[in-house]
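Chemist: Please see the structure below; I have some questions.
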Amino acid sequence: MTPSAMLKIAITPPDFLPDEADRIAMLLRGDAFWRVHVRKPGATADAMRRLLVSLPSWCLPRIVLHDHHELCREFAVGGIHLNRRQPTVSDDLRHRSLTVSCSCHSIEEVASRKASVDYLFLSPIFDSISKAGYKSNFTIDELRTAADTGIIDSRVFALGGVTPDRLPLLQSIGFGGAAMLGAVWGG
């Protein structure tokens, strides 16, 4: 697999942007990004609904919701992301063909949560671009050891300070992909 073949996920900024739906479609149109995670922690369900309605329908299967998972009943999105605000999957959503992902902040957390989700984010791998003062939590040696023991594999995505020039290093460690916010939308 070449670095360009690594799966990449874009995460939206927490606040809505003008023409955000067009920007999301542009990210997905060229297959540069496998998915876009819509993360809007302060948004209402109606605001999220307006964004989803404004997206071309072909984008929806590649959209993952971090909030307002109930919108999966209205829109044919591709997945849900578990977090402190929405930590579990409701029974009716569990039986849909949605991917389930989550974020982890330690190698131990990845090991313990891996069996219950389709893929995970591990962060912060590098100093964050979008969150001032959010520093790397791991050494390269720790990450390589986690990969050697099978904890980091194709289902684990690096997050935090990820830029395109760091993809070859992440791939050499054993990450299946990378998730980016600051490198996509600006710090």
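Chemist: Spot the failing condition for Ala158; the list is (1) under 16 Å from the mean Cα position of the chain (by Cα); (2) among the small types (Gly, Ala, Ser); (3) surrounded by fewer than 21 Cβ atoms within 10 Å (Cβ to Cβ), and only one is missed.
Modeler: (3)
Chemist: I've got another one for you. Restricting the search to the range 51-85, which residues are surrounded by 13 or more Cβ atoms within 10 Å (Cβ to Cβ) and either among the aromatic types (Phe, Trp, Tyr) or more than 29 Å from Glu109 (Cα to Cα) (or both)?
Modeler: Across the range 51-85, the qualifying residues are Leu51, Leu52, Ser54, Leu55, Cys59, Leu60, Phe75, Ala76.
Chemist: State all residues of the range 52-85 that are within 12 Å of Arg39 (Cα to Cα) and part of a loop (DSSP other than H, G, I, E, B); if no residue qualifies, say none.
Modeler: Residues satisfying the conditions are His66, Asp67, His68, Asn83, Arg85.
Chemist: In this structure, is Ser130 in a loop (DSSP other than H, G, I, E, B), touching a residue at least 40 places away in the same chain (Cβ under 8 Å) and either polar (S, T, N, Q) or closer than 24 Å to Phe33 by Cα (or both)?
Modeler: yes
Chemist: Yes or no: Gly150 closer than 27 Å to Ile24 by Cβ and not basic (Lys, Arg)?
Modeler: Against the criterion (closer than 27 Å to Ile24 by Cβ and not basic (Lys, Arg)), Gly150 does not qualify.
Chemist: Looking only at the range 96-109, how many residues end up being in contact with a Leu (Cβ under 8 Å, 6 or more places away or on another chain) and assigned to a strand (DSSP E or B)?
Modeler: 5
Chemist: Tell me which residues, restricted to the range 174-187, are surrounded by fewer than 19 Cβ atoms within 10 Å (Cβ to Cβ) and at pLDDT 95 or above.
Modeler: Gly174, Gly176, listed by residue number.
Chemist: For Ile125, work out the one condition from (1) in a loop (DSSP other than H, G, I, E, B); (2) surrounded by fewer than 21 Cβ atoms within 10 Å (Cβ to Cβ); (3) of a type outside the set (S, T, N, Q) it doesn't fulfil.
Modeler: (2)
Chemist: While we're looking at this one, here's another question. If you scan the range 143-187, which residues turn out to be part of a loop (DSSP other than H, G, I, E, B), under 30 Å from Asp22 (Cβ atoms) and small (Gly, Ala, Ser)?
Modeler: If the condition is that a residue be part of a loop (DSSP other than H, G, I, E, B), under 30 Å from Asp22 (Cβ atoms) and small (Gly, Ala, Ser), then Gly160, Gly161, Gly176, Gly186, Gly187 are the ones that fit.
Chemist: Before we move on, is Leu93 over 17 Å from the mean Cα position of the chain (by Cα), part of a helix (DSSP H, G or I) and at pLDDT below 95?
Modeler: yes
Chemist: Could you check the range 23-48 and list, in sequence order, the residues that are among the charged types (D, E, K, R) and closer than 21 Å to Glu74 by Cβ?
Modeler: Of everything in the range 23-48, those that are among the charged types (D, E, K, R) and closer than 21 Å to Glu74 by Cβ turn out to be Arg35, Arg39, Lys40, Asp46.
Chemist: So how many residues does the range 97-108 have that are surrounded by 15 or more Cβ atoms within 10 Å (Cβ to Cβ) and free of Cβ contacts under 8 Å to residues at least 24 places away in the same chain?
Modeler: 3
Chemist: If you scan the range 16-49, which residues turn out to be surrounded by 12 or more Cβ atoms within 10 Å (Cβ to Cβ), assigned to a helix (DSSP H, G or I) and not small (Gly, Ala, Ser)?
Modeler: Glu20, Asp22, Arg23, Ile24, Met26, Leu27, Leu28, Arg29, Met48, Arg49
Chemist: Look through the range 110-122, keep the residues that are assigned to a helix (DSSP H, G or I) and in contact (Cβ under 8 Å) with a residue 12 or more places away in the chain, and return whichever of them is surrounded by the most Cβ atoms within 10 Å (Cβ to Cβ).
Modeler: Among residues in the range 110-122 that are assigned to a helix (DSSP H, G or I) and in contact (Cβ under 8 Å) with a residue 12 or more places away in the chain, the one surrounded by the most Cβ atoms within 10 Å (Cβ to Cβ) is Val110.
The values are calculated or read from the model by the stated rules, or taken from the named source; none is laboratory data. Values in this document were obtained by computation on a predicted structure and should not be read as measured data. Quick reminder, even Gly has a Cβ in these numbers, built from the backbone with ideal geometry, and neighbours come from all protein chains shown.
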